[in-house]
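Quick note: the coordinates plus some simple rules give every number you see, no bench work behind them. None of these values were measured; they are calculated from a predicted model. Backbone-built Cβ (ideal geometry, glycine too); neighbour counts: all protein chains shown.
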Amino acid sequence: MSKGDVMRTRTLILNILIFLLPSIILVSIFLIYPIFYTIYLSFIDIDGSPVGFENFRKTLFRSDVLDFKRIRGFPSVSPPYGALVHNVIWIAIHLPITTFLGLILAVLLRNVKGASIIKAIIFMGMIIPLVVSGIIIHFTFEKDTGIVNVFLGFLGIEPKSWLMYPETALYTLALSSVWIWTGFSMVVYSAGLEAIPKELYEAAEIDGTGPIQKFFYITLPLLKPVTITVVTMTILWELKIFDFVFSSTRGGPGGATNVLALQIYFDYFFTIPSRPDLACSLASILTLITLAVACIALKPVIKIAVRRYAV
Amino acid sequence: MRIRRLKLLLVKILTHVIAWIIAFAWILPFMGIFMASIRPMEEIIAGWWRFDSFHVTLSNFIEAWHHPSVPMSRGIINSLIVTIPSSIIPLIVGALAAYGFSRFSFPLKEMLFLTIVTFMALPPQAIGIPLFILMNQLGLVDTYVGLVLFHSANGLPWIILFLRNYFETVPKELEDAARVDGASEIQIFLGIILPVIKPALYSILALQFTWVWSDFFYALILIYTPDNLLASQRIPLMKGEYHIPWGTLCAASIIMISVPAILYAFLQKYFIRGIVGGVIKG
């Protein structure tokens with residue numbers, strides 16, 4: 001190695017230290033260390049002795065997380081079915097509606113006057129704190145104060161406090177969270193639509209293709225990568241939902257709106273005595289599910305990273 | 001030809017009607033809490049959409065601002081004390097790291113990058129418990145220093161991902177010229193890069209500020225002295241167990257929303273660019 005090479009290597013190391021070290025330190029202490037500690041805690045019991053996968057069995061097979069008796073009675077037996085099932089129900093209701101609505105809005109708003117105002121209104125849901133969203137939704141679905149009851153009245157449905165009954169609370173929350181998240185799918189789809197070259201549509205028009213055919217044969221296939229992004233990000237959001245439930249129902253009535261994130265919090269910070277074993281093993285399960293979903297979202301990033309690495 | 005034109009016109013009208021109905025439905029809940037925040041309790045219970053008796057009052061806001069147990073006045077100040085440094089620190093630290101990832105090459109770089117970025121997806125509850133234990137050991141529970149340090153770390157993954165993508169679009173000619181002239185990387189970063197990436201920095205500031213401002217979970221587990229509670233923690237506490245004081249609660253909600261809403265009014269395009277840039281370009 002020549003003297004110049006040594007100098008260059010030294011500068012490079014110095015630069016890496018200046019530019020990257022602060023981030024590496026912060027992330028290591030406050031993100032990487034805790035996640036491994038969570039995993040560690042899920043394999044020991046409260047006294048600190050290793051118990052293998054025992055905690056995972058205990059945390060999953062309890063009525064707060066999976067209530068098999070009630071699940072078997074679905075749908076005539078009302079929630080609670082257990083937090084894990086509630087997250088799944090949440091995804092089943094919220095994901096298709098919010099994705100589809102975002103797509104429809106993105107397409108419609110391209111030809112609407114005042115589209116930017118409408119977009120700004122719908123995107124508001126993404127800006128306001130979820131704690132406040134919980135309060136707003138509670139207010140809007142309450143018997144006396146909720147305007148939803150006025151519209152349901154037109155359909156002949158009696159006014160009621162929709163979040164007070166186990167039969168309706170979970171479905172109401174999942175459905176109303178569409179109001180919060182549609183702004184996300186809308187703006188992401190809008191950006192995706194803008195990226196489609198106009199020539200494609202012009203060429204199709206010359207061939208006499210109608211607007212509906214254009215949507216199904218050009219727009220939809222070209223939006224597939226955008227859809228994958230929207231779907232994965234939405235599932236990630238649905239899996240970690242916490243503040244919204246906390247401020248609207250606190251998981252009630254009778255655990256009917258309990259979700260995984262809430263259960264983890266209650267297990268450690270609320271139950272007396274605190275149960276780090278149950279909380280951390282449940283947190284590890286949630287992490288595992290999240291990472292599996294995230295791999296799909298991060299696929300393009302991983303691909304770029306691998307390509308750069310190979311070169 | 002005339003029928004075709006008529007059909008097009010009909011479609012156009014229909015599109016407008018549907019779009020504006022959806023927008024109207026979306027704004028109704030906001031109108032609801034706004035009306036509730038400026039009207040007395042009897043009128044809220046009777047339905048905020050009814051105007052046969054209509055009185056405007058500021059008492060709900062006064063009640064929320066000077067709440068006997070959880071005043072929003074203190075909450076807003078506390079939240080600002082936490083949110084401002086929690087937005088600026090990760091912006092600086094993250095910009096440095098993104099530059100490093102984008103301009104230097106060294107072994108295991110991509111692995112390190114991926115490790116950091118993966119943390120974007122993790123649910124807060126996955127790290128909450130050890131975080132509490134760690135802060136306890138460091139003596140940082142119930143202090144803003146602990147919360148700010150954590151939020152700074154927590155913001156880094158997405159900031160680094162977002163800015164690294166952005167850096168790839170910045171042409172390298174200027175930097176290379178400066179490098180030939182013997183400028184150090186730090187000089188290049190401060191003098192050439194920072195001015196060019198200003199729009200991206202606005203996006204980051206806007207989103208990071210909004211997210212930290214909205215945070216509830218980390219505040220909930222790390223801050224518990226009543227005087228120190230952040231604004232987001234105070235709102236559920238105002239709810240009460242059986243009787244819900246909707247007027248106060250809605251006024252407090254409006255106060256809480258107003259800060260990010262003002263930011264959003266001025267920086268709307270940066271918000272949307274930030275959200276889209278963070279997920280799409282990757």
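Couple of notes before you dig in:
- ³J(HN,Hα), Karplus 6.51/-1.76/1.60, whole Hz, each residue of segment B:22-32, x for Gly, Pro: 4, 4, 5, 4, 5, 8, 3, x, 5, 4, x
- Averaging 1/r across all pairs of distinct Cα atoms in segment A:154-311 and inverting the result yields a Kirkwood radius of 19.5 Å.
- Ellipticity at 222 nm from helices only: DSSP H runs of n ≥ 4 in chain A, each -39500 (n - 2.57), divided by the residue count, give -20000 deg cm²/dmol.
- Sequence-separation-based contact order of chain A, relative, with Cα cut under 8 Å and 6+ spacing, percent: 26
- Helices in chain B, meaning DSSP H runs of at least 4 residues, each add -39500 (n - 2.57). Divided by all residues, the mean residue ellipticity at 222 nm is -24000 deg cm²/dmol.
- Normalised by the number of residues in chain B, the average gap of Cα pairs under 8 Å and 6 or more apart makes the relative contact order 31 percent.
- Annotation for B:Ser105 and A:Lys198: the two label points, set 7 Å from Cα along the Cα-Cβ direction, are 4.0 nm apart.
- Residue-by-residue Karplus 3J(HN,Hα) for segment B:5-20, coefficients 6.51, -1.76, 1.60, Hz, glycine and proline x: 5, 4, 4, 4, 4, 4, 4, 4, 4, 4, 4, 4, 4, 4, 4, 6
- Neighbour net charge for B:Ser253 - beta-carbon separation under 15 angstrom, K R +1, D E -1: 0
- Sorting the segments A:175-183, B:124-132, A:266-274, A:279-287 by their residues' average number of neighbouring beta-carbon atoms within 10 angstrom, most packed first, yields A:279-287, B:124-132, A:175-183, A:266-274.
- Centre separation in Å (Cα based) which lies between segment A:223-291 and segment A:130-187: 20
- Proportion of all alpha-carbon pairs of chain B beyond 24 Å (%): 63
- Taking B:Met41, B:Met35 and counting other C-beta atoms within 10 Å, the order from fewest to most: B:Met41, B:Met35
- With a cut-off of 14 Å between beta carbons, the residues surrounding A:Leu282 carry a summed charge of +1, where Lys and Arg count +1 and Asp and Glu -1.
- Of the peptides B:222-231, A:68-77, the ranking by mean beta-carbon count within 10 Å, highest at the top, reads B:222-231, A:68-77.
- Pairwise centroid distance, computed over Cα atoms, of segment B:135-171 with segment B:1-75, Å: 36
- The length gained on full extension between B:Thr169 and B:Ala261, counted as 0.36 nm times the residue separation minus their Cα-Cα distance, comes to 30.1 nm.
- As a size descriptor, the averaged projected area of the C-alpha convex hull of chain A was calculated at 25.6 nm².
- Taken along the Cα-to-beta-carbon direction at a fixed 7 Å, the label points for B:Val180 and B:Tyr242 span 8.1 nm.
- Other residues whose C-beta falls under 11 angstrom from the C-beta of B:Pro123 contribute a net charge of 0, scoring Lys and Arg +1 and Asp and Glu -1.
- Remark on A:Ile44: its backbone amide H falls under 5 Å from those of A:Val51, a criterion applied only to residues 5 or more positions apart or on other chains, H modelled at 1.01 Å from N.
- Relative to the Cα centre, the charge distribution of chain A, modelled as +1 at Lys and Arg Cβ and -1 at Asp and Glu Cβ, gives a dipole magnitude of about 740 debye.
- Packing, taken as the mean count of other beta carbons within 10 Å per residue, orders the peptides A:31-43, A:250-262, A:150-162, B:58-70 from highest to lowest as A:250-262, A:31-43, B:58-70, A:150-162.
- The distance between label points at B:Phe51 and A:Val88 comes to 4.9 nm (points 7 Å beyond Cα on the Cα→Cβ vector).
- Of the residues B:Val117, B:Val212, the one with the fewest other Cβ atoms within 10 Å heads the list, and the complete ranking is B:Val117, B:Val212.
- Under the span-like rule (Cα at least 27 Å along the axis, Kyte-Doolittle mean at least -0.5), DSSP H helices of chain A: A:3-27, A:83-108, A:276-297
- Sites A:Lys69 and A:Thr271 - FRET efficiency at Förster radius 30 Å, r taken between beta-carbons, to 0.05: 0.85
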